[in-house]
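Remarks on the structure that follows.
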Amino acid sequence: MFRLKKHSQSHNRQDIDSTQEDGKINELRAALGPLSSRNLKYCTDACLRRYLIARNWNVEKSRKMLEETLKWRAAFKPEEIRWHEVAFEGETGKVSRANFYDRHGRSVLIMRPGMQNTTPSEASVRHLVYLLENAIMNLGEGQEQMCWLIDFSGFTMKTNISVKIAGDIINVLQNHYPERLAFAFLYNPPKFFQAFWKAIKYFLDPKTFQKVKFVNPKDKGSVELMKSHFDMENLPSVFGGKATLEYDHQQFSQMMAQDELKAAQFWGLDENHHIVNGPSSGPEVAPEPITSTN
């Protein structure tokens, strides 16, 4: 039903060895110039490498992309978003972090557009950004990417989000969280979703486009794809697994409260979540992954 046509790519991904990688990372660090203490936390080698990969190892393009992210974060302040500010968006569990990982230790965000409980707006984007940050903080050891599982149960034309909000979300993901998405699995979308997909797919850059996987539960290849990425015992039945998908908002809120303590410690925030280590010229993305266990 849904086919992913190949985007024409005028720039193939550049293959470089580890020595060249180190050189590019050093070049990018030098191009950035002096950084604030908070930006130094962000600009780890792993972070710089993600931006370089996103821009095909072009140092100048990577620098511009990175600086745009810092400007965006200085205005949006994602590290200062608290769960109680966006919890109303998540009351139905329309977006949540799963309590399991994929086979590679990637965090999993479960999205259920059929559970939409608010009119899509900037608040919806803030809610998603909060959960992106949380998913990054809870990545498995040595892992830098996450997976999205999108369940279309109960999805109707009335619950369809606007193309504008979808474009805003794609912009945030591609421009400010480069190389953080491994795959997005769209499980059994209804036929009418095709029109929406045609409208939003043009917002996707070629690399992100290739990470979108449509899953048909009646197709053997799709079933094997899910098995290759997930333990069927952990995967909810709505995605072809054996587990039950349950969302307890109170329990999830408690988990977010615990995670906020870790995030606050990393960012140097006091109990009121105010910065206590001086002004910052540009906040960064969430900390590099903490060792996590299932």
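Per-residue ellipticity at 222 nm, computed for the chain from helices alone with -39500 (n - 2.57) per DSSP H run of at least four residues, works out to -13000 deg cm²/dmol. Ordered by solvent-accessible area of protein heavy atoms (1.4 Å probe), largest first, the residues 202, 187 come out as 202, 187. Taking the Cα atoms of the chain, the ratio Rg/Rh between the radius of gyration and the Kirkwood radius comes to 0.95.
Mind scanning 24/164; 71/158; 71/207; 94/191; 191/220; 64/191 and naming the pairs with a C-alpha gap bigger than 31 Å?
Going by Cα-Cα distance, 24/164; 71/158; 64/191 fall outside the 31 Å limit.
Summarised as an ellipsoid, the range 74-171 has semi-axes of 22, 17, 12 Å, derived from the eigenvalues of the Cα gyration tensor scaled by 5 and square-rooted, with the largest first.
For residue 64, the accessible surface of its heavy atoms amounts to roughly 110 Å² (probe 1.4 Å, protein chains only, rounded to the nearest 10). Shown here: the range 1-159, whose C-alpha atoms stretch 50, 41, 29 Å along the first, second and third principal axes, sorted largest to smallest. Solvent exposure of residue 15, expressed as accessible area, is near 140 Å², computed with a probe of 1.4 Å over the protein chains only.
Other residues with beta-carbon under 13 Å from the beta-carbon of residue 92 carry, at +1 per Lys or Arg and -1 per Asp or Glu, a net charge of -3.
The region of the chain that goes longest without hitting one of the GluC sites (Glu not before Pro) in a DSSP loop, each with at most 14 other Cβ atoms within 10 Å, is 142-232. When you restrict to C-alpha pairs under 8 Å that are six or more residues apart and normalise by the size of the range 18-88, the relative contact order lands at 31 percent. Rolling a 1.4 angstrom probe over the range 34-167 with all protein chains present gives an accessible area of which 54% lies on carbon and sulfur atoms.
The mean of 1/r over all pairs of different alpha-carbon atoms in the range 94-226, once inverted, gives a Kirkwood hydrodynamic radius of 15.3 Å.
Averaging the sequence gap over all C-alpha pairs within less than 8 Å and six or more residues apart, then dividing by the number of residues, gives the chain a relative contact order of 24 percent. Protein-only accessible surface at a 1.4 angstrom probe places the residues 229, 249 in the order 249, 229, largest first. Given 201/242; 41/262; 218/242, which pairs have Cα atoms separated by over 20 Å? The pairs that break the limit, which is 20 Å between Cα atoms, are 201/242.
Rg/Rh for the range 22-95 (Cα atoms only, Rh after Kirkwood) is 1.12.
Counting heavy atoms of the protein chains alone, residue 19 has an accessible area of about 100 Å² for a 1.4 Å probe. Which distance in Å, rounded to a whole number, links the C-alpha centroids of the range 111-151 and the range 162-229? When both Cα centres are located, 14 Å separates them.
Entry comment: accessible area of the chain is 50 Å² per residue, from protein heavy atoms only and a probe of 1.4 Å. With the convex hull of the Cα atoms taken as the outline of the range 55-101, the averaged projected area works out to 5.6 nm².
Each listed q (0.18 Å⁻¹) maps to a log10 I(q)/I(0) for the range 135-204 from the Debye sum over equal C-alpha point scatterers, namely -0.82.
The values are calculated or read from the model by the stated rules, or taken from the named source; none is laboratory data. Bear in mind the structure is a predicted one, so any value in this text is a computation, not a measurement. All Cβ positions, even for glycine, are placed from backbone atoms using ideal geometry, and neighbour counts span all protein chains on display. Accessible surface areas use protein heavy atoms only, side chains included; no ligands, DNA or RNA. Shrake-Rupley method; radii C 1.70, N 1.55, O 1.52, S 1.80 Å.
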